[in-house]
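A short worksheet on the structure shown next.
Quick note: the coordinates plus some simple rules give every number you see, no bench work behind them. No experiment lies behind these values; they were computed from the predicted model shown. Here the Cβ is made from the backbone with ideal geometry for all residues, glycine too, and neighbour counts use every protein chain on show.
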Amino acid sequence: MPPETVLAFDTSAAHCAAALLLPDGRVLNRLEPMEKGQAERLLPLLEELLAEANIGWGNLTRLGVGTGPGNFTGVRISVATARGLALGLGVPAIGVTRLEALADGLPRPLLVAEDARRGEAYVQGFGLPGLETARLMPANALPEAPHVTGSALPDALPPAVALAEAIARIAATRAPGPRPAPFYLRGADAAPPADPPPVILP
């Protein structure tokens, strides 16, 4: 299979992260911390990354996108952008969860546990029987493992590569499947309004 040119990005937390994996093995990384404004910043950031590599949108062979878990709105921004770009460019978009990306390049067996706030953690095991499926768990009752990583664990291994780069590397080798979709382990914080809807007169 020829080398891929993969543009990957993630806005599942308080950042705009992007990486461009080139056929010669080079990777260009960008990470901009931000609490809000990802929707406005993401596409210009991607264009800057392409310009830095002196290539255009038409040179891309696939996209990688972080699907969460994480910030509800942030995940939707990235996934919607990836689906729109994939449709317009005619290339596959590959969804990669944050937990998969954090595990990339680290030794197995491995437990990934990311802080989910409210005393909980997003947890997934790699090479750990019974923990292969991602789940939400109490942060004070996490299972033990030979190797651990993630913001919910003390003495955790640091990521092998930047988050967006890991997404790009995984996307480069993963077979295209269904369109990426947000990966939520917890419902949205926003609740529907309690007031009844207005009555529409005939």
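Key figures for this structure:
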read-out	value
Residues that are out of contact with any His (no Cβ under 9 Å at 6 or more places or on another chain) and either at negative phi or surrounded by 14 or more Cβ atoms within 10 Å (Cβ to Cβ) (or both), drawn from segment 24-34	Asp24, Arg26, Val27, Leu28, Asn29, Arg30
Single residue of segment 52-84 satisfying the filter (in contact (Cβ under 8 Å) with a residue 60 or more places away in the chain and more than 15 Å from Ala13 (Cα to Cα)) that is surrounded by the most Cβ atoms within 10 Å (Cβ to Cβ)	Gly64
Any chance Arg41 is closer than 30 Å to Pro146 by Cβ, more than 15 Å from the chain's Cα centre (by Cα) and either assigned to a strand (DSSP E or B) or free of Cβ contacts under 8 Å to residues at least 40 places away in the same chain (or both)	no
